[in-house]
Amino acid sequence: MRRILVIGIGAGNPDYVTVQAIDAMNRADVFFLPDKGSEKAGLRALRLEILERFVRNPTPRLVDIAVPSRAKSERYLDDVDAWHGALAAAYRAAIEAALPEGGTGALLVWGDPALYDSMIRLVERIEAGGLALACEVIPGISSVQALAAGHRIALNRIGAPVLLTTGRRVAQATPEEDFVVLLDGEETFARAELAEHEVWWGAYLGTPDEVLVTGRAGDVAAEISALRKRLRAAKGWIMDTYLARRHRPD
Ligand SMILES: C[S@@+](CC[C@H](N)C(=O)[O-])C[C@H]1O[C@@H](n2cnc3c(N)ncnc32)[C@H](O)[C@@H]1O
């Protein structure tokens, strides 16, 4: 049977790579690397830097996988399902072609594989399609942990929950509880409903370009929005996330 290691590499800083991840990388015969085009070239460079720094196995093979793009219609879940189908087919074809029976392949996942990442589901989908794989998951430091560390805050208030969610969901309804937003294409921190929330925002967390802003959303949203535009234009891509807390008199 082929073995697949789904390895969390941390969300931006090569120092986030754990000893467990290094050991796993050094067991791999083949690394499958997503090729998402020039926009994500910066992210690919970080993956290659990690391999260069930590892999001592002299002969690992790197296999690029062309990532299809997702359709963007009104039917989000259908689009994601079709996209995952195409991705699973691309990964399966690459695994069958490049990884012999008994071989070990590695998939390097940004941050932690359990958080807003489809790689574990893709491996399940490939297995459900009939290709036997033994899968191991190695956790990584997520952008949410990097955000809390950057701002030197605890994520939760004492005894209180924290919701992890997306910009898409927050645009539909503002959560009651404290929440962390990933995948925020909509600049939800600037919504009028959030004006009284306290926000802790960060971009390029863990990298030398890390930027942090905190304050009442109504006061800092314009600054964050301008920063996002300027940084995205300069680097060609941006990754940002934020924690929001409703103001409570206590
Ligand atoms: C597809 S999700 C992947 C999350 C990842 N698995 C993790 O553990 O952080 C991508 C989103 O994570 C957030 N993100 C990931 N890395 C980040 C970073 N270094 N700085 C800020 N946000 C980041 C952004 O909200 C981005 O849109």
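The values are calculated or read from the model by the stated rules, or taken from the named source; none is laboratory data. Every value quoted in this text rests on a predicted model; they were computed, and no experiment measured them. Methodologically, a virtual Cβ is constructed for each residue, glycine included, from the backbone with ideal geometry; neighbour enumeration extends over all protein chains shown. To get the accessible areas, we keep the full protein, side chains included, count just its heavy atoms, and leave off ligands, DNA and RNA. Shrake-Rupley method; radii C 1.70, N 1.55, O 1.52, S 1.80 Å.
Filtered by the rule that a residue be surrounded by 22 or more Cβ atoms within 10 Å (Cβ to Cβ) and touching a helix residue (DSSP H, G or I) at 6+ places or on another chain (Cβ under 7 Å), region 140-159 gives GLY140, ILE141. Applying a threshold of 6 Å to beta carbon distances and a minimum spacing of six or more residues, or different chains, the list of pairs starting in region 228-244 at a residue that is within 14 Å of GLU210 (Cβ to Cβ) and ending at one that is buried (at least 21 other Cβ atoms within 10 Å of the Cβ) and not charged (D, E, K, R) reads ILE238/ALA203; ASP240/ALA203; THR241/SER143; THR241/LEU147; TYR242/VAL181; TYR242/PHE189; TYR242/VAL199; TYR242/TRP201.
Scanning region 45-70 for residues that are touching a strand residue (DSSP E or B) at 6+ places or on another chain (Cβ under 7 Å) and either in a strand (DSSP E or B) or modelled with pLDDT under 85 (or both), which turns out least open to solvent (accessible area, probe 1.4 Å)? The qualifying residue least open to solvent (accessible area, probe 1.4 Å) is ILE65. Residues in region 188-227 that are open to solvent by 10 Å² or more (accessible area, probe 1.4 Å), within 12 Å of the ligand (Cβ to nearest atom) and among the small types (Gly, Ala, Ser): GLY206 only. The lone criterion from (1) more than 16 Å from the ligand (Cβ to nearest atom); (2) not in a helix (DSSP H, G or I) left unmet by ILE22 is number (2).
Of the strands (runs of 3 or more DSSP E) that lie entirely inside region 141-208, those containing 1 or more residues that are modelled with pLDDT of 95 or more, β-branched (Val, Ile, Thr) and over 16 Å from ILE224 (Cβ atoms) span 162-166. When you look at GLY85, is it open to solvent by less than 60 Å² (accessible area, probe 1.4 Å), of a type outside the set (S, T, N, Q) and in a helix (DSSP H, G or I), yes or no? Judged against the criteria, GLY85 is a match.
Here the condition is being open to solvent by 20 Å² or more (accessible area, probe 1.4 Å), among the hydrophobic types (A, V, I, L, M, F, W, C) and within 23 Å of the chain's Cα centre (by Cα); of VAL137, VAL109, it holds for VAL137 alone. Specify the residue that is nearest to GLY12 (Cα to Cα); the eligible residues are those in region 215-250 that are touching a Lys or Arg at 6+ places or on another chain (Cβ under 8 Å) and assigned to a strand (DSSP E or B). The extreme case among them is ASP240. The numbered conditions (1) in contact with a strand residue (DSSP E or B) (Cβ under 7 Å, 6 or more places away or on another chain); (2) on the phi < 0 side of the Ramachandran plot are all true for TYR116 except (2).
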